[in-house]
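The values are calculated or read from the model by the stated rules, or taken from the named source; none is laboratory data. Keep in mind that what you see is a predicted model, and the values were worked out from it rather than measured. All Cβ positions, even for glycine, are placed from backbone atoms using ideal geometry, and neighbour counts span all protein chains on display.
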């Protein structure tokens, strides 16, 4: 039988600070039933920083993806919203007419948003300047980062565990498209989008059925002995919409080359892949691929809680300071920013910028300090606020708080192992107080039965709903 949480916790309430409203939070909004949960809440008025309500706001908890709030504010403050990253393209050898008699060298600059559109534009540019043939190879230079952070296991069903490399296309993932056949009983079409990639095999075991009340589809990426295989199984109903699954890669050099070669092929630029002893051996500049502005990148980071973008940005922070980037070097810069710019003097732990770890530790008070710093800084506020998904409309809160559609801007935080973590932090507008910042953070207790994630999220939604109505 599960241990019941202490009566004093069941009847706890948030205490208003001096100058606060004096309202008490209903005890039921902190009740987790039979589960023991560490909870922290901090609600502040942005205009003057007054704390309106607080509960255990100084305890260090696992923030999960609320860490991305720190990353976003730090990079906007450091580089500015208009900052762009550069992927430099060189050739090695000689350029003669419509040919490059040597290798094409892609030098990664840490662009976390190097997606198909950018690669299509690059390939189009080469065609437009009259290059039809690369006689050598496509060479990927990832030396900006000290080492490629590989999180992927040999088998993966996820996109979020992609390797973090200085040159990576489409977040170092592949998109697997499943389209039902025209008739039941036929095998569905399973392919990569936007086109097949060299070196990626597909094992298609998906059947088209007349009707599938539950479209049970499984897409697994296998990687062993330099072989890359996608195994797709299950059923899809005839006439149903195509389904897309994103899966991480575990061979960043190989897949990056395949992406480049295939985008060039789509523009009729041939890559022959011959070995060359180039003369001269030095790299000759050919083109720069400029990234989207940082404001666009952090919007993608927070709307979809993209771990790859976060850790790419952290590695680039480290590279700017130490020539070669790493999570350790970038996290050191992040910790320094929290101390020097935000003014946090209390202890905390930051091992990465994405929150995809149970080792990070931040308090609600520290996260609230970041929100307050951003809200009071015109260099940050417009793009920081716009990066947070709107309640009931987009990203990780598209199905949450629909009764306040578009009125709350909030970042979520989620972990399910080794402890259940749920977080929600951001801003809303109060008629009485103006802009309000809030941090809600809950952790299941170590060595105790873990609460269901759905119940923690539902509780935080009820709490925020009450706050909007009463503060």
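Of all the residues that make up the range 138-167, how many are over 29 Å from residue 231 (Cα atoms), touching a helix residue (DSSP H, G or I) at 6+ places or on another chain (Cβ under 9 Å), in a loop (DSSP other than H, G, I, E, B) and modelled with pLDDT of 90 or more? Count: 1.
Here is a yes/no grid of residues against (1) outside the structural domain of residue 401 (by TED's automatic domain parsing); (2) buried (at least 23 other Cβ atoms within 10 Å of the Cβ); (3) not in a helix (DSSP H, G or I):
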residue	(1), (2), (3)
422	no, yes, yes
425	no, yes, yes
437	no, yes, yes
442	no, yes, yes
448	no, no, yes
454	no, no, no
458	no, no, no
464	no, yes, no
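Of all residues in the range 49-77, those satisfying the criterion of being surrounded by 23 or more Cβ atoms within 10 Å (Cβ to Cβ) and part of a loop (DSSP other than H, G, I, E, B) are 62, 63. Exactly one residue out of 167, 195 is within 30 Å of residue 85 (Cα to Cα) and out of contact with any strand residue (DSSP E or B) (no Cβ under 7 Å at 6 or more places or on another chain), and it is 195. The residues in the range 343-370 that are part of a helix (DSSP H, G or I), in contact with a helix residue (DSSP H, G or I) (Cβ under 7 Å, 6 or more places away or on another chain) and in contact (Cβ under 8 Å) with a residue 60 or more places away in the chain can be counted, and the count is 2.
Taking the condition in the same structural domain as residue 307 (by TED's automatic domain parsing) and either in contact with a helix residue (DSSP H, G or I) (Cβ under 6 Å, 6 or more places away or on another chain) or not in a helix (DSSP H, G or I) (or both), does residue 104 pass?
Answer is no for this residue.
Does the range 325-342 include one or more residues that are without any contact (Cβ under 8 Å) to a residue 40 or more places away in the chain, farther than 30 Å from residue 201 by Cα and assigned to a loop (DSSP other than H, G, I, E, B)? Within the range 325-342 (the criterion being without any contact (Cβ under 8 Å) to a residue 40 or more places away in the chain, farther than 30 Å from residue 201 by Cα and assigned to a loop (DSSP other than H, G, I, E, B)), the answer is no, since none of the residues qualifies. When the range 126-135 is limited to residues that are under 20 Å from residue 282 (Cα atoms) and out of contact with any helix residue (DSSP H, G or I) (no Cβ under 8 Å at 6 or more places or on another chain), the one that is surrounded by the most Cβ atoms within 10 Å (Cβ to Cβ) turns out to be 131. Within the range 109-125, if we keep just the residues that are in contact with a strand residue (DSSP E or B) (Cβ under 7 Å, 6 or more places away or on another chain) and under 16 Å from residue 263 (Cβ atoms), the residue that is surrounded by the fewest Cβ atoms within 10 Å (Cβ to Cβ) turns out to be 125. In this structure, residue 316 does satisfy being under 20 Å from the mean Cα position of the chain (by Cα) and assigned to a helix (DSSP H, G or I).
The single residue among 432, 402 that is closer than 20 Å to residue 463 by Cα, in the same structural domain as residue 466 (by TED's automatic domain parsing), surrounded by fewer than 23 Cβ atoms within 10 Å (Cβ to Cβ) and modelled with pLDDT of 95 or more turns out to be 402.
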